[in-house]
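Notes follow the structure.
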Amino acid sequence: MKDKKSNSRRKFLSTGLKIGVATAAGGLAAAKILEEPPKKSEKIKVLTTDGTVIEVEKPANDCKINPCSPAKGIEARKGIPGRSFVMVIDLAKCKNARKCVEGCQKGHDLLPDQELMKVYLMKDNPESEPYWFPKNCFHCDNPPCVKVCPVGATFKRTDNVVLVDADRCIGCKFCISACPYSARILNWENKETYASNDPDYSPETQTPGQHGVVSKCDFCPDRAREGKLPYCASSCPMGAIYFGDKNEDTVTNGEETLRFKELIKERVGYRYLEELGTEPNVYYLPPVNRMFPYERGFSNLSEEKKEILLKSISKP
Amino acid sequence: MDSHLKAKELLEENKTFIEKPNKQWFLKVFILAVLICIGLYALVLQITKGHLITGMRDNVVWGVYIVNFVFILGLSYAGALIAGIFHLARVEWAKPLQRILKLITVFALIVGPVYILLCLGRPERLLNLFLYPRIQSPITWDLIAIMTDLIFCIVYLYFTYIKDFALLRDNSANLNLYGWRKKLYKFLALGYQNTPEQKKLLNRALDIMAAIIIPTSIIAYSLLAWLFGMNLKVGWHSAMTAPFFVLSAVYSGIALLIIIMWIYRKTQRLEKVFTDNHFLYLGFSLVILSLFYGYFYFSQYITDWYNIQETTNRLLSKYMDFSQYGIHFSVAIFMVAFLPSIIIGVPWFRSINSIAITSVFVLAGLWVMRYLMIVPVLETPYLPMQDFRESWVHYSATWIEWSLTIAGIAICVLFFVVASKLAPIIPISEMLEKKGENKFVIFYKTRRKLSKG
Amino acid sequence: MKPKYILTTALLFLFFFYYLPAKTTAAANIQKKTKTRLKVYYEKLANSDKKISIILFQGTGKKMKGIENAELVLTTFDLDNERQLTTIYTDANGNAMLIIEAKYLFPKDERGYSVVKVMYSGNDSLKAAQKKVKFMDLNVDVSFEIVDSIKLITVSTFEIDSIGNPKPIEGVKLNIGVERLFSTLYLSKIETNKKGIGTMEFPEDIAGDSIGTINVIVKIDDNDDYGTITKAKKINWGTIVDYSNVSENRSLFGDEAPLWMIISVFVVLAGAWYHFILAIYKVLKIKKIEPKILNEPL
Ligand code: SF4
Ligand code: SF4
């Protein structure tokens, strides 16, 4: 229920910078453990100059963006000032590990078959080799979904994020059919796990949404406030998903931090279906010099599913 | 007076219609009520269990509900449009059809939007449409248009009833009616006594209403078409959408008109009112409209087909593929684009019954065509469909959707059954007006000027 | 074996390991004790406080699992005397940390190293573990200057000797970068020279905020002697990013509708409703002029 969810969010809040610094220090193996939010130890010990030990509260303000808690009401529609979030997905690194999908589902309390991040198998032309194509919402700069919403339940913010206000959405599904990238899903089932009427409600943490309303990838702005990468980017074992702020001209996958413009320029980054004029904020690096053959991606799929995928990319 | 006598005659002839209902009438109502109740049960299930029990899924988010919505509203706008044009153009032979057309308009306009509510994930939040309106959204346009149109059409319908209410009020002594109905007629007739001034006022009001109803319904239906046209979807975002929608609406409206006329003629012996000529005239307009439909369809698809693009190609091949929508498509296009020309166009086939049956086919075909313009398009996104759950990839409506569809039709029919009990299904007084008797108010002055010059 | 049996065995196995030991005699489970490991890191924070971070865990690789709520004893060595600093407890993931204020003086050995030893005494099911971390206290200073319109970052590294004089340290590898929202964007790696000084030319095209401020990060990463040291300093050398008008050309999907749309909707509606009201007015007039003497009935 909602409680569980907001708790886990709050836990993330309380973790903060100290852990972040420790992660940086601890190297990779340590990072894997430290990633998880600790449950206890709200206090830390400090050895003072004269050798006595005192306990201090963990500094609450561990976040990178003020205010640290997700924005509510009218503020949530404005966006984090000065930010312009972008994502870069390196197709050469993707091997359909599906960790981004799982990380997103776990972080957003989704049902097992609800995928805000999907991994497609794509094939551009009959001669080219198929490749794996992780796809979330592109947070378009000219979003068709936002244009058509009758109640403004889905909106574009100045930080590039396109969000859904699950408290306002009437579930007309217009935005789903307007989105050319199949990025939106509806909560079809009348399940109690869907949160509603939470006083802490914020569109920034609207997932898993409520029954009968739309959900979509939200670029995890609540995590950005804490200086954390979105769930998908931080759970990709290959580091295929880079996330960052275009205004800072920086993207990172957690291990490697690169300059956004240089990366797109050098690796000839492109945006999917650029010709539609939606101006996505998710860029792809072409699947050249791949790290894995695409067949590797079938390893966690059944034979039957493999057939379906292969059939769907063969031309009619 | 001559007209006075005729009015009485007409009323006398048709009085079984409006007199106290008999058992048969109640049986009809009962059957309809049962159908409606099944629909209500389905509705309750849908609300409590969620939309998962419908066939709609993330790709095909709009199914039979929206098809019904589009189809029924099409009938409504067509009714208004045709009635308005017939009225303004003073088409003499069309006078008996006026009431049916206006009833179609109003009833369809009431039932149609219900389907969009069924389609909403959170219908109880409908108020948000007024709390946070965004007029950039085609849904808001549609909302405004439907509400405006609904108010206009109900009022227009009532205006056209005034003379008949007055007639009923004055003749209620001769009719076997409940007492409350007499009072109702008196109230509704607004004290209309057919004095020259009253007549002039009423006629002017009717002309104005007819004149504003025509653009309103065209605009409203175009807005509805843009509900689809404004989506970045292959098969929808075409400039053709709105005109094509309006054309199909008129087409389906005329087909329905023929069917209703035929039913009344067969069951209520109204041969004198709905004459053979009516069937022939409307039958031929059906042929013309079918050709237009074929023309529009052809020009839309030939351009798509020649400028073949990947996604368009995938969509079109679904219509051609007999394992997918091939059969539906070829049968439906045959029914809407060719059948009228064959059955009504060739004298050998032509008869009152064949015209009516063709209309049934046309209506069914148009429904299927609407289905084909909505569902396969939604099943053809730009990205490949790689969902492993079959029901997520291909839409098929569940019994919930079907029973609610039937319930919707049942409600429309029920409305008709009740309305034709309340007042004659033919506009008696209007039919008695002599040709050229009421002047055309809108171009009145112009005509005088022209004739002077 | 069928998966069912494997599962059952595994469950039994788990049961024995986790529940039974508490009830059986201590002697019986000496062999069953699991090995634990400690990792200890020393770090000097940006405000010169020192930090010891510790992970206590069992297993390796994917099976690695932090040990919760374990008592750790931290000691240091003053010459050869062991001196207890404090005890701390691990959190749910086996992490623990101690912050040491900048001015706290650690005892040093003859080579200048300070030592912190972490001990875990184990329990009924877990073996004890201990680990030492050795470090030297290095100071890092960052300064900025512009020479011939070239922006230079100068970093000096030095130790403070026992009398309080700075002693330059040569050959320290430093990473220089700028702070970003999610991470640090490293620009270059430099090494200090004999004077303990390293310089770096700052590129012209690094994006700052709306007034060009950037936070320069100098970092020594996991140095054998000095641990991890971070130093941060702000300067307005970044390019100015203007983001005040970001939503200007987004009117069609903004919260406000474009003017032409409002006007046309208004005009159309006004036109229609004007005529509608006109018609209603006419009909209502019918009632008003109802003749008192009955006309002939219709
Ligand atoms: S990808 Fe789809 S849902 Fe996301 S912003 Fe673009 S149009 Fe909207
Ligand atoms: S489904 Fe919700 S978010 Fe989407 S257009 Fe409708 S009201 Fe807006």
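The values are calculated or read from the model by the stated rules, or taken from the named source; none is laboratory data. In this text, all values refer to a predicted model and were calculated from it rather than measured experimentally. Backbone-built Cβ (ideal geometry, glycine too); neighbour counts: all protein chains shown. Surface accessibility is based on the protein's heavy atoms, side chains included, excluding ligands, DNA and RNA. Shrake-Rupley method; radii C 1.70, N 1.55, O 1.52, S 1.80 Å.
Every residue, every condition in (1) of a type in the set (Val, Ile, Thr); (2) within 27 Å of residue B:400 (Cα to Cα); (3) in contact with a Leu (Cβ under 9 Å, 6 or more places away or on another chain), yes or no:
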residue: B:101; (1), (2), (3): no, no, yes
residue: B:119; (1), (2), (3): no, yes, no
residue: B:126; (1), (2), (3): no, yes, yes
residue: B:134; (1), (2), (3): no, no, no
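List the helices (runs of 4 or more DSSP H) that sit entirely inside the stretch B:228-329 and contain at least 2 residues that are open to solvent by 40 Å² or more (accessible area, probe 1.4 Å) and more than 30 Å from residue B:428 (Cβ to Cβ).
Filter on the stretch B:228-329 gives B:276-306, B:310-320.
Among the polar types (S, T, N, Q), open to solvent by less than 10 Å² (accessible area, probe 1.4 Å) and not assigned by TED's automatic domain parsing to the domain that holds residue C:40, is that true of residue C:192?
Yes; evaluated as a whole, the condition is true for this residue.
So residue A:209 fits all but one of (1) in contact with a helix residue (DSSP H, G or I) (Cβ under 6 Å, 6 or more places away or on another chain); (2) in contact (Cβ under 8 Å) with a residue 40 or more places away in the chain; what number is the exception?
(1)
Answer yes if at least one residue in the stretch A:186-205 is within 13 Å of ligand 2 (Cβ to nearest atom), within 14 Å of chain B (Cβ to nearest Cβ), among the polar types (S, T, N, Q) and more than 16 Å from the chain's Cα centre (by Cα), and no otherwise.
Among the residues of the stretch A:186-205, at least one is within 13 Å of ligand 2 (Cβ to nearest atom), within 14 Å of chain B (Cβ to nearest Cβ), among the polar types (S, T, N, Q) and more than 16 Å from the chain's Cα centre (by Cα), which makes the answer yes.
Look at residue B:145 and say whether it is within 14 Å of chain A (Cβ to nearest Cβ), under 19 Å from the mean Cα position of the chain (by Cα) and assigned to a helix (DSSP H, G or I).
Yes, satisfied.
Could you please find all residues in the stretch B:164-212 being among the aliphatic types (A, V, I, L, M), buried (at least 17 other Cβ atoms within 10 Å of the Cβ) and assigned to a loop (DSSP other than H, G, I, E, B)?
Matches in the stretch B:164-212: B:177, B:189, B:190.
When you scan the stretch C:204-218, how many residues do you find that are open to solvent by less than 20 Å² (accessible area, probe 1.4 Å) and not in a loop (DSSP other than H, G, I, E, B)?
Going through the stretch C:204-218 one residue at a time, the tally reaches 5.
With respect to residue A:113, is the statement that it is within 11 Å of ligand 2 (Cβ to nearest atom), assigned to a loop (DSSP other than H, G, I, E, B) and open to solvent by 10 Å² or more (accessible area, probe 1.4 Å) true?
no
Please tell me if residue A:124 is more than 16 Å from ligand 1 (Cβ to nearest atom) and either small (Gly, Ala, Ser) or more than 22 Å from the chain's Cα centre (by Cα) (or both).
yes
Look at residue A:121 and say whether it is buried (at least 19 other Cβ atoms within 10 Å of the Cβ), touching a Pro at 6+ places or on another chain (Cβ under 6 Å) and more than 19 Å from residue A:305 (Cβ to Cβ).
So residue A:121 fails the test.
Do we find a residue being modelled with pLDDT under 90, at the interface with chain B (Cβ under 7 Å from one of its Cβ atoms), more than 11 Å from ligand 2 (Cβ to nearest atom) and farther than 28 Å from residue A:274 by Cα anywhere in the stretch A:220-229?
No, the conditions are met nowhere in the stretch A:220-229.
Have a look at B:116, B:110 and point out the one that is away from chain A (no Cβ under 12 Å) and touching a residue at least 24 places away in the same chain (Cβ under 8 Å).
Exactly one of B:116, B:110 is away from chain A (no Cβ under 12 Å) and touching a residue at least 24 places away in the same chain (Cβ under 8 Å), namely B:110.
Which residue is nearest to ligand 1 (Cβ to nearest atom), if the candidates are limited to the stretch A:163-173 and must be farther than 17 Å from residue A:79 by Cα and touching a Phe, Trp or Tyr at 6+ places or on another chain (Cβ under 9 Å)?
So, considering only residues that are farther than 17 Å from residue A:79 by Cα and touching a Phe, Trp or Tyr at 6+ places or on another chain (Cβ under 9 Å), the one nearest to ligand 1 (Cβ to nearest atom) is A:173.
From the set of residues in the stretch B:365-396 that are open to solvent by 20 Å² or more (accessible area, probe 1.4 Å) and away from every other protein chain (no Cβ under 11 Å), which is nearest to residue B:249 (Cα to Cα)?
If we take residues in the stretch B:365-396 being open to solvent by 20 Å² or more (accessible area, probe 1.4 Å) and away from every other protein chain (no Cβ under 11 Å), then B:367 is nearest to residue B:249 (Cα to Cα).
Look through A:160, A:187 and report the one residue that is of a type outside the set (Val, Ile, Thr), within 13 Å of residue A:218 (Cβ to Cβ) and more than 9 Å from ligand 1 (Cβ to nearest atom).
Result of the check over A:160, A:187: A:160.
Could you tell me whether the stretch B:52-68 includes any residue that is away from ligand 1 (no atom under 16 Å from the Cβ), among the basic types (Lys, Arg), farther than 30 Å from residue B:394 by Cα and open to solvent by 10 Å² or more (accessible area, probe 1.4 Å)?
Within the stretch B:52-68, not a single residue is away from ligand 1 (no atom under 16 Å from the Cβ), among the basic types (Lys, Arg), farther than 30 Å from residue B:394 by Cα and open to solvent by 10 Å² or more (accessible area, probe 1.4 Å).
Checking the condition free of Cβ contacts under 8 Å to residues at least 40 places away in the same chain, over 17 Å from the mean Cα position of the chain (by Cα) and outside any helix (DSSP H, G or I), which residue from A:248, A:262 passes?
It is A:248.
Looking at the stretch A:146-168, I want the residues that are among the small types (Gly, Ala, Ser) and have a partner that is within 10 Å of ligand 1 (Cβ to nearest atom) with Cβ atoms under 8 Å, at least 6 apart or on another chain. Which pairs are those?
A:153/A:164; A:153/A:214; A:166/A:214
Inspect all residues belonging to the stretch B:168-187 and state whether any of them is in contact with a Ser or Thr (Cβ under 8 Å, 6 or more places away or on another chain) and closer than 26 Å to residue B:212 by Cβ.
Within the stretch B:168-187, none of the residues are in contact with a Ser or Thr (Cβ under 8 Å, 6 or more places away or on another chain) and closer than 26 Å to residue B:212 by Cβ.
Given the condition within 14 Å of chain A (Cβ to nearest Cβ), open to solvent by 60 Å² or more (accessible area, probe 1.4 Å) and at pLDDT 90 or above, answer yes or no: does some residue in the stretch C:180-188 qualify?
Scanning the stretch C:180-188, I find at least one residue that is within 14 Å of chain A (Cβ to nearest Cβ), open to solvent by 60 Å² or more (accessible area, probe 1.4 Å) and at pLDDT 90 or above, so the answer is yes.
Does residue B:127 fit the bill of being modelled with pLDDT of 90 or more and either more than 11 Å from chain C (Cβ to nearest Cβ) or open to solvent by less than 50 Å² (accessible area, probe 1.4 Å) (or both)?
For residue B:127, the condition - modelled with pLDDT of 90 or more and either more than 11 Å from chain C (Cβ to nearest Cβ) or open to solvent by less than 50 Å² (accessible area, probe 1.4 Å) (or both) - is met.
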